Amino acid sequence: MARAPPLAFTGQVSHTQFIEHLRRASRPRDGEALHAWALKSGSSSHAPVSNSLITFYSSFPRLFLPAAFAVFADIPAAARDVASWNSLLNPLSHHRPLAALSHFRSMLSSSTILPSPHSFAAAFTAAARAHSASAGAVVHALACKLPSASSNVFVSTALLNMYCKLGLIPDAQLVFDEMPHRNEVSWAAMVAGYAARKCSQEAFELFRQMLGECPLHKNEFVATAVLSAISVPLGLPMGVQVHGLVVKDGMVGFVSVENSLVTMYAKAGCMDAAFHVFESSKERNSITWSAMITGYSQNGNAESAVRMFSQMHAAGFPPTEFTLVGVLNACSDVGTLMEGKQAHGLMVKLGFEVQVYVKSALVDMYAKCGCIGDAKECFNQFSELDIVLWTAMVTGHVQNGEFEQALMLYARMDKEGVFPNTLTITSLLRACAGLAALEPGKQLHTQILKFGFGLGASVGSALSTMYSKCGNLEDGMVVFRRMPHRDVIAWNSIISGFSQNGRGNDAINLFEEMKLEGTAPDPVTFINVLCACSHMGLVDRGWTYFRSMIKDYGLTPRLDHYACMVDILSRAGMLSEAKDFIESITIDHGTCLWRIVLGACRSLRDFDVGAYAGEKLMDLGTGDSAAYILLSNIYAAQRKWNDVERVRYLMKLVGVSKDPGCSWVELNSRVHVFVVGEQQHPDAEIINTELRRLGKHMKDEGYNPASKYSRDVPDALGESHQEDQLQLISAIYS
C-alpha cells in the first residue's frame, strides 16, 4: 500500500491544490516527495495532476526543468490536452525560448490540439526572447487564421509586445491600431515599446490619446511606462504634466511610479525636484535609492551621490548593480577612495555576478583615485576581458601619467586580438603626446585609417594634439584641416599646439579664423591665445583678448587666465604692473601668480619686486622648493646673507625638499628617460664625459651660471641645464 502524503488530501483537485501550495511556498524537495507519492498511488496519470507537476517543476528552471520535460513525456499522447502543452510552453518561453518555439511546433503537429490564446501569447514571448522576427511572423499568421486568437485582447497585446521587443515599432503600432478592444495592459505595452526605442514624444502623444479615448484605463503601469519614455534631458515639460496627473489620480503611493518620477527629474537635471519626490516617498526600495545616486552622479554632484550611498547602506537597503555603478562613478569624480572601497567590499560580500559595466567602473574608480595598483589587481582578476575593460585600464594608466605602461598594455591587447574602440585610440594618443613619442603616434594614425575610425571630434582632436606635442605641426595641421566637423575642442588643440611650439602669430591667426567660422571660444581657447601673446610679447593684444573674453563672450576669468596675464606682463619686464595686477585680483589665487613673478624677477634681476614676491610666497606657506631657492639666490645677489640663512632655515623647517628633475627624449623609436644624478643609463660614462667637455667649453665661451653670487646656494635652473645636456649627449651617441 502506498504511503499517504504529509497532508491527507484525497481526490485529484486536492492534489493540484497541494502542489500549487508547495510551488508558492518554494518547497521543491517537498514537491518531489509528493510527486513520488503520486507515482505510487497512480494519480500522476491524471492530466490535471501532471499539468500541476509540470508547472511546479518549471517554477525552478535551473534545478528541475528536465523533470518538467520528463513529466510531460510520461503523459500519454491521447491524454495530453492544451493545458498540458501550455504548462510546459509558458516557462520555456521565458527560460529556453528556442525550445519553446520547438515545443509550439510539436503542439501544432498534434492533430487533436488547437492552440489556445495562452499558447499564442507564450509563442510570441518566445519569439521576442529568441530575437526571431521570422518565427514571430509565422505565429502571427497562424493566429490570424483562428478567430479565437485574432480577436482576443490578450493575444493581441502579447503580439504587439513581441514586435516592440524586436524593435519593430511600426508593426506593433499597426497591431495596436487594429485591435477591436484594448485594455490597460495594451496601452502600457505600446507606450513601453516607444519608451524602449527612445521615442519620447510618440509615447507621450499615445498617453494623451489614451486619456481622451479611455481615461479609466490609466493606472500605475501606464504611468510608469510613459514616465520611463519621457525620462530624457528634454522631457521635463511632458514629465511635469504626467506628474500632475499622477498626483491628481492618487497614484503617487505606488513605488514604481515614484521611482519613475525620480528618474525622470534626474534625467532632466532637476535634482531638487527628484529629491522632493524621494523625500515624500513612503515606500522606498533599492531602486529608489539607486535612481537618486545615479542622478546625482550623472549631474555632476558626486559628493551628494556618495553621501546618499552611505545613507542607503545605513538604512539597510542592499545595493543593485546600478547602484554600484552610480556610486563608483561618483567616487571616481571626487576621488573618495574609502567609499569606493566600501562599494567594492559590498559587491564582493553580496556575491554579485559582476557585469562588465560594473567591472569597468571599478577599474576606473581605482585609477582615478590614484590607486593604479589596485586598478591593475582588479583588472588581472577578471577572467573575461572585453574592450570596455581594456580601455578602462589603458585610460587609467594615462590618467596617472603612466604613458609607457598604457602603450605596453595596448600591445598586449593587440596581441590577444582585441580591437580598439574610439576611446582606446584617444587615450593612447594622449599617452604618445605625453611622451612626445612620434613613432608610436604615427602607428596609431595608421590603425585609425585601418579600422576606419575617421577623424571625428575626439579622435581628430587627439591625433592633432599628438602631432603638435611631438613638434610636428605640419602633420597636426593636415589632420585638423581634414576633420569633417571641427568643434571648439579641435580648435583648442591646434591653437595650443602652435602656441606651445613658439608660433604665437599662427596661433592667433587660427583664433581669428575660428571666430570667422562661427565657433564660440571657451575658457580653454583664451588660455591658449593668451599663452601665444605671452610668448610673442604682445602685451596690448593680451589685454584686448582678456577684456574681450569678459565683455564679448560673458566668460568669467579663472586662475589660469590671470596667470597668463601675469606671465605676459612679467615676460615683457612689466614686473611692477604684474605685482599691482595680482593685488587687484579678488579671487583666491594661492601661490602660483607670485611664483610667476618671482621666476621673472630672477631672470630680469629685479630684486626688489622679486624679494616682495618671494616673501609673499613664504607668508602663504608654499611647498615649492624652487621658490625658496630663487628667493635665497635673490638675497644672495644682494649680499643679504642673514636673509639667505633665514630662507634656507625656513625651507628646512617646513620640510621642503627638491625632487630630482626628470626628462626624456625619443630616439630610434625608443624613449630614453633621464633623472638628475642617475647613473643607470647604459651610456652613462660616455654621456658624463661629454657633459664635462661641454661644461668646460661653455665656461671657456664666457658662460657664467646665475648662481655665481650665491654662497653654497643650489641653482634653481642647474638641474634643467643638466637634463638638456643629457638629452643632447644621448642624441649624439644614439
Notebook entry, point to check: Any idea what the dipole of segment 385-485 comes to, in debye rounded to 20, about its Cα centre with Lys/Arg Cβ at +1 and Asp/Glu Cβ at -1?
Noted result: 240 debye
Check: Taking the Cβ-Cβ separation of Leu211 and Ser151 as r and a Förster radius of 25 Å, what is the calculated FRET efficiency to the nearest 0.05?
Finding: 0.45
Next item on the list: Would you kindly derive the ³J(HN,Hα) couplings of segment 243-250 from the backbone phi angles with the Karplus curve 6.51 cos²θ - 1.76 cosθ + 1.60 (θ = phi - 60°), listing them in order in whole Hz, with x for Gly and Pro?
Entry: 4, x, 5, 4, 5, 4, 8, x
Notebook entry, point to check: Where in segment 305-394 are there GluC sites (Glu not before Pro) that are in a DSSP coil and have at most 13 other Cβ atoms within 10 angstrom of their Cβ?
Noted result: Glu353, Glu384
Item checked: Inter-label distance, nm, simple model (7 Å from Cα along the C-beta direction), Leu245/Thr556 -> 4.0 nm
Next item on the list: Multiply the residue separation of Asp588 and Lys450 by 0.36 nm, subtract the distance between their alpha-carbon atoms, and state the gained length in nm to one decimal.
Entry: 44.8 nm
Check: Tell me which lysines have Cα within less than 17 Å of Lys198's Cα, excluding those fewer than 8 residues away on the same chain?
Finding: Lys165, Lys267
Item checked: 28 Å Cα-Cα reach of Lys696 towards lysines, excluding residues that sit fewer than 8 places from it in its own chain -> Lys658, Lys708
Next item on the list: Please list, in chain and number order, the residues 5+ apart from Val418 or on another chain whose amide H is under 5 Å from its amide H, with Hs placed from the backbone.
Entry: none
Notebook entry, point to check: Can you work out ³J(HN,Hα) from phi for every residue in segment 196-202, in order, using Karplus 6.51 cos²θ - 1.76 cosθ + 1.60 and θ = phi - 60°, giving whole Hz and x for Gly and Pro?
Noted result: 5, 9, 6, 9, 5, 5, 5
Notebook entry, point to check: Tyr366: net charge of surrounding residues, Cβ under 12 Å, Lys/Arg +1, Asp/Glu -1, itself excluded?
Noted result: +1
Checklist line | Förster radius 35 Å - calculated FRET efficiency between Ser280 and Lys341 (Cβ-Cβ, nearest 0.05) | finding: 0.60
Next item on the list: Quick one: order Met162, Met565 by neighbouring beta-carbon count within 10 Å, fewest to most.
Entry: Met565, Met162
Item checked: Net +/- balance of residues flanking Tyr163 in space, Cβ distance below 14 Å, scoring K and R +1, D and E -1 -> 0
Notebook entry, point to check: If you rank Phe451, Phe72 by fewest surrounding Cβ atoms within 10 Å, what's the result?
Noted result: Phe451, Phe72
Notebook entry, point to check: Full extension from Gln201 to Asn219: what is 0.36 nm times the residue separation minus their Cα-Cα distance, to one decimal in nm?
Noted result: 4.5 nm
Item checked: Positive-end extreme of charge dipole, segment 385-485 - chosen from Ala392, Leu429, Ile448 (charges on Cβ) -> Ile448
Margin query: Give the lysines reachable from Lys359 as a straight Cα distance under 19 Å; neighbours fewer than 8 places away on the same chain don't count.
Written below: Lys341, Lys349, Lys368, Lys376
Item checked: Cut-off 13 Å between beta-carbons: net charge of the residues surrounding Phe254, Lys and Arg +1, Asp and Glu -1 -> -1
Next item on the list: Evaluate the relative contact order of segment 277-316 (contact order divided by residue number), counting alpha-carbon pairs under 8 angstrom at least 6 apart; express in whole percent.
Entry: 31 percent
Note to self: Starting from the 7 Å offset along Cα-to-Cβ, what nm value, one decimal, do you get for the label separation of Met698 and Arg646?
What the structure shows: 3.2 nm
Note to self: Need the C-alpha centroid separation for segment 282-317 versus segment 479-533, integer Å.
What the structure shows: 41 Å
Margin query: With the crude spin-label approximation of a point 7 Å out along Cα→Cβ, what separation in nm comes out for Glu685 versus His95?
Written below: 7.6 nm
Checklist line | Label point at His131 placed 7 Å out along Cα→Cβ; residues across segment 157-181 whose backbone nitrogen lies under 12 Å | finding: 166-167
Check: What's the FRET efficiency of Gln381 with Met408 using the Cβ-Cβ distance as r and R₀ = 25 Å, to the nearest 0.05?
Finding: 0.80
Next item on the list: Per residue of segment 270-284, in order, report the coupling 6.51 cos²θ - 1.76 cosθ + 1.60 (Karplus, θ = phi - 60°) as ³J(HN,Hα) in whole Hz, putting x for Gly and Pro.
Entry: 9, 6, 5, 5, 4, 5, 4, 5, 4, 5, 7, 6, 9, 10, 6
Checklist line | segment 198-229: trypsin sites (Lys or Arg not before Pro) falling in loop per DSSP and having at most 11 other Cβ within 10 Å | finding: Lys198
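Bear in mind that the values in this text are calculations on the coordinates, not laboratory data. Everything numeric in this text was worked out from a predicted model, so none of it was measured. Positions of Cβ are backbone-derived with ideal geometry, glycine not excepted, and every protein chain shown enters the neighbour counts.
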